[in-house]
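Each reported figure results from applying straightforward, stated rules to the coordinates on display, with no laboratory input. Just so you know, these numbers come straight off a predicted model, no measurement behind them. Cβ placement follows ideal geometry from the backbone for every residue including glycine, while neighbour counts extend to all protein chains displayed.
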Amino acid sequence: MLSAKLLDHFQSPRNVGELPPPAVTVEVTNPACGDILRLSALFEQGRVAQARYKTRGCTASIAIGSALTEWIAGKTIEQLRALKPAVVEEQVGGLIPESKHAAVLAADAVKALLSAYKTD
């Protein structure tokens, strides 16, 4: 059963879109299911000032992208480094076993974002 929080993020997604440079944008894919998450973040003084996302995937992946952008807003680099899939999953009230890949995809996107941010 899908949680009310997950359905809310799916039906009314927040922060959909992409940020222009100097924002950092990354794209990650789950090769097993084909879901794609594109994540953009604008960093100011070592914190995420704004975040946007685009997703092609299942209900859970769309909802997780929305919840992720809300969660990362205002977070420091250190807080982002500590992100685990379980934290993202909590933001949507939990995931059914078949949808846990969405939280992993979100955590992978944050790792990619941090890697890209370091090289800029």
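Taking 8 Å as the Cα distance limit and 6 or more residues as the minimum spacing, I'd like the relative contact order of the chain as a percentage.
Values: 229 pairs, mean separation 36.5, N = 120.
Computed value for the chain: 30 percent relative contact order.
What's the angle, to the nearest 10 degrees (0 to 90), between helix 101-119's Cα axis and the longest principal axis of the chain? The two axes meet at around 0 degrees. About the centre of its Cα atoms, the stretch 4-119 shows a dipole size close to 200 debye [charges on the beta carbon of Lys, Arg (+1) and Asp, Glu (-1) only; nearest 20 debye]. Note that the stretch 42-51 has calculated 3J(HN,Hα) couplings of 9, 9, 9, 6, x, 10, 7, 7, 8, 9 Hz, one per residue in order, obtained from phi through the Karplus relation 6.51 cos²θ - 1.76 cosθ + 1.60 (θ = phi - 60°); glycine and proline are x. Counted over all Cα-Cα pairs of the stretch 7-61, pairs farther apart than 12 Å make up 67 percent. Projection of the Cα convex hull of the stretch 4-119, averaged over all directions and equal to a quarter of that hull's surface, yields 6.4 nm². Against the chain, whose longest principal axis comes from its Cα atoms, helix 59-72 is set at around 40 degrees.
When the chain is described by a simple charge dipole with +1 on each Lys and Arg Cβ and -1 on each Asp and Glu Cβ, the residue from Val88, Ser61, Ile77 located farthest towards its positive end is Ile77.
Could you compute the net charge surrounding Lys54? Neighbours are other residues with a C-beta less than 15 Å from the C-beta of Lys54; K and R count +1, D and E count -1.
It works out to a net charge of +1.
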